[in-house]
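Beneath this line is the structure, given in structure tokens, with notes to follow.
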Amino acid sequence: MGKGTVAEQRCCPKDGHLNNSLGSPVQADVYFPRLIVPFCGHIKGGMRPGKKILVMGIVDLNPESFGISLTCGESEDPPADVAIELKAVFTERQFVRNSCVAGEWGEEQSSIPYFPFIPDQPFRVEILCEHPRFRIFVDGHQLFDFYHRIETLSAIDTIKINGDLQLTKLG
């Protein structure tokens, strides 16, 4: 696996050093021993213009929804700010996005040219951080832009994934 930007938090020491089977330390930008949903991972160095997050997976056979969120930490109480929450809702064939700053959800956006996800089929979501916005690609096609509502991009350092999908790769 090439260099990436996300590392799982649940089983990685805070210093980012991991031990291989021989017990020697290994420095890694990306390390996923288990891509289990719900997933919570650390984005090394936070977001910045030019940085891309890749999420690959397979939609469940009978999905209701799944979500991908980029947050400022993983605090539950008080809740961490959500820079962008993407939610695929299969009953409505919508891919909605929103953000939550200081406990207040913003205006939800839902317009898309088409619904890109198919039950029991693989998908590839890329979240490209640009200076004014996130640009979202699904299976290589640009689907929409989401303009930043959180100004400190480097504070966006956590990815959370949940719902009716299996993860196959993150980067």
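The values are calculated or read from the model by the stated rules, or taken from the named source; none is laboratory data. Note that the structure is a prediction, hence the values are computed from the model and not measured. Don't worry about glycine lacking a Cβ; one is built from the backbone with ideal geometry, like all the others, and counts go over all protein chains shown. These area figures cover heavy atoms from the full protein model, side chains too; ligands, DNA and RNA do not enter into them. Shrake-Rupley method; radii C 1.70, N 1.55, O 1.52, S 1.80 Å.
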Output the residues belonging to the stretch 90-125 that are over 17 Å from I136 (Cα atoms), hydrophobic (A, V, I, L, M, F, W, C) and either in contact with a helix residue (DSSP H, G or I) (Cβ under 9 Å, 6 or more places away or on another chain) or in a strand (DSSP E or B) (or both). C100, V101, W105
Of the residues E92, E104, E108, which is open to solvent by 40 Å² or more (accessible area, probe 1.4 Å), more than 25 Å from I58 (Cβ to Cβ) and without any contact (Cβ under 8 Å) to a residue 12 or more places away in the chain? E104
Within the stretch 59-89, of all residues that are in contact with a strand residue (DSSP E or B) (Cβ under 9 Å, 6 or more places away or on another chain) and over 25 Å from A155 (Cβ atoms), the one surrounded by the most Cβ atoms within 10 Å (Cβ to Cβ) is A88
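Let's see how each residue does on (1) farther than 30 Å from T91 by Cβ; (2) modelled with pLDDT of 95 or more; (3) of a type outside the set (G, A, S):
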residue	(1), (2), (3)
Q9	yes, no, yes
V26	yes, no, yes
R34	no, no, yes
K51	yes, yes, yes
V59	no, yes, yes
Return yes or no: is R124 of a type in the set (D, E, K, R) and open to solvent by less than 60 Å² (accessible area, probe 1.4 Å)? no
Going by what's in this entry, would L128 be described as without any contact (Cβ under 8 Å) to a residue 60 or more places away in the chain, in a strand (DSSP E or B) and closer than 21 Å to I159 by Cβ? no
In the stretch 56-89, anything closer than 18 Å to F144 by Cβ and either in a loop (DSSP other than H, G, I, E, B) or touching a Ser or Thr at 6+ places or on another chain (Cβ under 9 Å) (or both) is listed as S65, S69, L70, V82, A83, I84, E85, L86, K87, A88, V89
